[in-house]
Each structure stands twice: as C-alpha cells, then as structure tokens.
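Report on the structure given below.
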Amino acid sequence: MSHKLIDYTPNLSFYFGTSFAKLAPPILLNIDGLYGPVKKDKNPHFYRDDWAMLALRGFLRLRDMKSIRIKSFLNIGTGSALDTLGAIEALDLSDVLMTELFSKSVEKAQLNVIRNLQKGNAIKVDTVQANALNLDGLRQLKAKRFDLIYENLPNLPGELNDLSVYKSQPVEASFTTASLDDVPKIYKQYLLGSHYLALRNLKPFLAVGGGIMCNIGGRIPYELIVRMCRDLKYEVSRLVYELKMQSEADWNLRAYSKWEESNSGIEFAFYRGQLRDSKEIVNFDQSNCDRVSGYADAAEEFDRLIAKGKLSAKEALKVFDGGKVPIAHTVNTILARPVG
Ligand SMILES: C[S@@+](CC[C@H](N)C(=O)[O-])C[C@H]1O[C@@H](n2cnc3c(N)ncnc32)[C@H](O)[C@@H]1O
C-alpha cells in the first residue's frame with residue numbers, strides 16, 4: 001500500500017483562491033484505505049461529484065447565514081478529512097472533533113488535518129472512533145455541545161452495501177437493517193434510516209442555537225426528508241441542491257434495484273448522467289451554482305430541468321448497462337435545527 005500524500009490544493013483553491021486564512025498550502029492528504037475525494041484535475045465536475053466539496057458548499061452557505069454562530073464542530077464520518085479542512089477554512093472554528101467508524105481512519109484523519117493547518121493556530125482538533133448510529137465512542141462526550149454537527153452517512157445497510165469500497169476496512173462494523181429496527185417504516189423503506197438515527201441520536205450534542213448539516217443522496221422525494229426532520233422536531237432548510245454522478249454505480253444501482261424489488265411500491269429517482277452536460281444544466285450551473293449560492297433557491301426550476309432524465313433504480317441499472325451510460329442522482333445538503 002502506498003503512503004503517498006496527494007495534493008488537494010486545487011480542490012480548496014476553487015473556493016478560496018490562493019490566500020488561505022487557516023490552512024497552509026500545499027494541502028496534502030494521505031487517503032490510503034479511506035473514503036477519498038475526487039481530484040479536480042481528473043473531473044471537471046469535481047465540485048458536484050465529491051461529497052467533501054458538497055459539504056464545503058454547505059459550510060460556505062452557513063458562513064453567509066447571520067442566524068447561526070459556529071465555533072465548535074463535530075464531524076460524523078470524516079473519511080479523508082478534506083471536509084473538515086474545508087469547514088476550518090470556511091468557518092471561524094475554535095474546537096473541532098472528527099469521528100470515524102473505522103479505527104484506521106481515525107489516526108489518518110487527525111494527521112491529515114494537523115499537517116495542513118497554519119503554524120501557531122489556536123484551533124483544538126481531536127478525532128475519536130465512534131459509531132453515530134448507536135453512539136459507541138460518543139456517549140462519554142455527553143457533556144460536550146457543538147454549534148454544528150455534520151453527517152454524510154451511507155444510505156445502504158450492510159447487507160446491500162459492498163464494503164470492498166472501504167477496501168481493508170472491517171465489514172462487520174457497518175450498520176445493518178436490524179440496527180434500524182426502531183426507525184419508522186416509511187424512512188426505513190426509503191433508506192433514510194442512518195440519517196434518521198443520526199438526527200435523533202445527535203440532538204443532545206447540539207449547543208443552543210446549533211444545527212445538524214446532513215448531506216443526503218436525494219434518490220427520494222425531498223418532502224420526505226422535510227417530514228423526517230419535522231417528526232424529529234427539527235426545522236429544515238436546504239443549503240445546496242445538486243446533481244451528483246453516482247459513484248461505484250455498478251453495485252450501488254444493483255443494491256437500490258434489489259431494494260425496489262423487495263419493497264413493493266418503493267421507487268428511487270436516478271437520472272441520466274449526460275444531463276449534467278446539457279446546455280441548460282451547464283448554464284444553470286454558471287448562473288446559480290457558481291461558488292457559494294448552490295441550487296437551494298432555484299430547486300423547482302432545477303427539478304423541471306432534470307425531470308426528463310428521471311429513472312427508477314431498476315431502469316437506471318438497465319440504462320447503465322455495465323458502465324456504458326453514466327447515471328446521476330440528486331443531493332440535498334440540509335441544515336436541521338431543533339424547534340423549541
Ligand atoms: C460517504 S462517506 C463521506 C466521507 C466524508 N465525510 C466526505 O465528505 O468526504 C461516509 C463516511 O462515513 C463513515 N461511516 C460509515 N458509517 C458510519 C457510522 N455508523 N458512524 C460513523 N461514521 C460512519 C465511513 O467510514 C465514511 O468515511
């Protein structure tokens with residue numbers, strides 16, 4: 001296994017230019033065996049396709065919101081920690097705690113952040129191994145409160161999820177359908193269980209006035225996400241609405257199709273990937289999505305533009321045809337804040 005550090009400066013420079021306030025370029029990451037980001041030079045749509053960049057767009061929206069003050073940050077499942085670096089640069093943080101399910105990721109995530117901070121900074125950075133779904137590793141921190149919690153947990157339970165994606169990581173550590181037993185049926189059926197549990201379990205860790213930012217692959221109606229948040233006594237606002245290429249499309253589409261087959265009446269929404277390169281979407285991107293603004297205010301128009309390429313998981317798997325036709329799905333980056 002190589003331990004080469006990869007330069008991610010171009011990814012963050014897209015948003016921050018060359019002058020970083022908290023980070024010291026070149027921004028070098030060790031992503032061996034971690035959930036790693038797409039590099040800018042390999043993908044012209046990197047800011048749409050990479051979860052860490054979608055998170056960064058959410059953080060930039062939060063920076064512009066006057067109604068939330070963010071000093072402390074809890075990241076659930078940071079992977080490579082590129083999302084944490086983005087949060088540090090975008091927000092005025094003094095206290096950062098990253099979590100990862102896998103022990104191997106914990107040490108690397110911590111090093112990936114520390115090695116890229118400017119010397120003499122006053123930011124406290126820690127990483128713990130934790131499972132957001134049962135709170136293992138987090139319970140002992142119960143006295144701590146955070147202004148912002150971020151989660152981008154997988155939608156697919158272990159039985160459907162091919163964990164070879166996480167290469168050398170232990171398969172048994174993933175969540176299973178059984179661990180979603182106390183999630184209401186409708187959210188379990190639409191594979192929102194991990195987000196439901198995260199929103200429910202992490203609420204006690206929120207400081208007064210704080211919020212949870214969730215990145216949710218929107219293969220389901222947005223209204224259902226809103227309903228889930230309301231059931232859990234959160235108010236919700238959409239920070240970013242985007243069309244992301246389906247990563248590891250082969251096994252993901254198989255998994256979603258299998259779920260459609262065994263859950264009659266449940267249908268997911270996928271899109272033909274070529275849509276992203278259509279004139280309307282590219283123009284839409286330039287006028288509305290460039291840098292900070294995202295699609296949130298123009299969601300209806302965006303839905304209208306992509307509607308013609310909509311496919312169920314079963315249809316998408318057929319169209320994908322072993323990799324011949326790229327497939328995309330929408331992403332909702334939301335902010336959920338406790339009501340009352
Ligand atoms: C889709 S990746 C996102 C990684 C990173 N946040 C980013 O934006 O690049 C999901 C991450 O959540 C972690 N994860 C999966 N299940 C988890 C759980 N139950 N608790 C905490 N982290 C988990 C995975 O190891 C993985 O790094």
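The values are calculated or read from the model by the stated rules, or taken from the named source; none is laboratory data. Keep in mind that what you see is a predicted model, and the values were worked out from it rather than measured. Reconstructed Cβ throughout: ideal geometry from the backbone, glycine too, with neighbour counts over all protein chains shown.
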**Message:** Of the conditions (1) surrounded by 22 or more Cβ atoms within 10 Å (Cβ to Cβ); (2) more than 11 Å from the ligand (Cβ to nearest atom), Pro10 satisfies every one except a single condition; which number is it?
**Reply:** (1)
**Message:** For the condition within 13 Å of the ligand (Cβ to nearest atom) and of a type in the set (A, V, I, L, M), what is the one hit in Leu28, Leu34, Leu62?
**Reply:** Leu34
**Request:** Go through the residues of the range 58-74 one by one and say whether even a single one is surrounded by fewer than 23 Cβ atoms within 10 Å (Cβ to Cβ) and of a type in the set (Ser, Thr, Tyr).
**Result:** yes
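Considering only the range 114-132, how many residues are within 16 Å of the ligand (Cβ to nearest atom) and either part of a loop (DSSP other than H, G, I, E, B) or in contact with a Cys (Cβ under 8 Å, 6 or more places away or on another chain) (or both)?
The first filter runs over the range 114-132 and keeps only residues within 16 Å of the ligand (Cβ to nearest atom), leaving 116, 125-132.
Remaining after also requiring either part of a loop (DSSP other than H, G, I, E, B) or in contact with a Cys (Cβ under 8 Å, 6 or more places away or on another chain) (or both): 116, 130-132.
Summing the residues that are within 16 Å of the ligand (Cβ to nearest atom) and either part of a loop (DSSP other than H, G, I, E, B) or in contact with a Cys (Cβ under 8 Å, 6 or more places away or on another chain) (or both) in the range 114-132 gives 4.
Can you give me the ranges of the helices (runs of 4 or more DSSP H) entirely in the range 1-68 with at least 1 residues that are under 15 Å from the mean Cα position of the chain (by Cα)?
Working: elements: 9-16, 46-49, 51-64.
Fully inside the range 1-68 and qualifying: 46-49, 51-64.
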**Residue under evaluation Lys318, criteria (1) in a helix (DSSP H, G or I); (2) at pLDDT below 90, criterion not met** = (2)
**Asked** Taking the condition modelled with pLDDT of 95 or more, within 13 Å of the ligand (Cβ to nearest atom), crowded, with 20+ Cβ neighbours inside 10 Å and over 16 Å from Arg230 (Cα atoms), does Asn215 pass?
**Response** yes
**Message:** Looking at (1) part of a helix (DSSP H, G or I); (2) without any contact (Cβ under 8 Å) to a residue 60 or more places away in the chain; (3) within 11 Å of the ligand (Cβ to nearest atom), which one does Asp83 not meet, given that it meets all the others?
**Reply:** (2)
**Prompt:** Which one of Leu101, Leu141, Leu111, Leu160 is within 12 Å of the ligand (Cβ to nearest atom) and either of a type in the set (Phe, Trp, Tyr) or in contact (Cβ under 8 Å) with a residue 60 or more places away in the chain (or both)?
**Reply:** Leu101
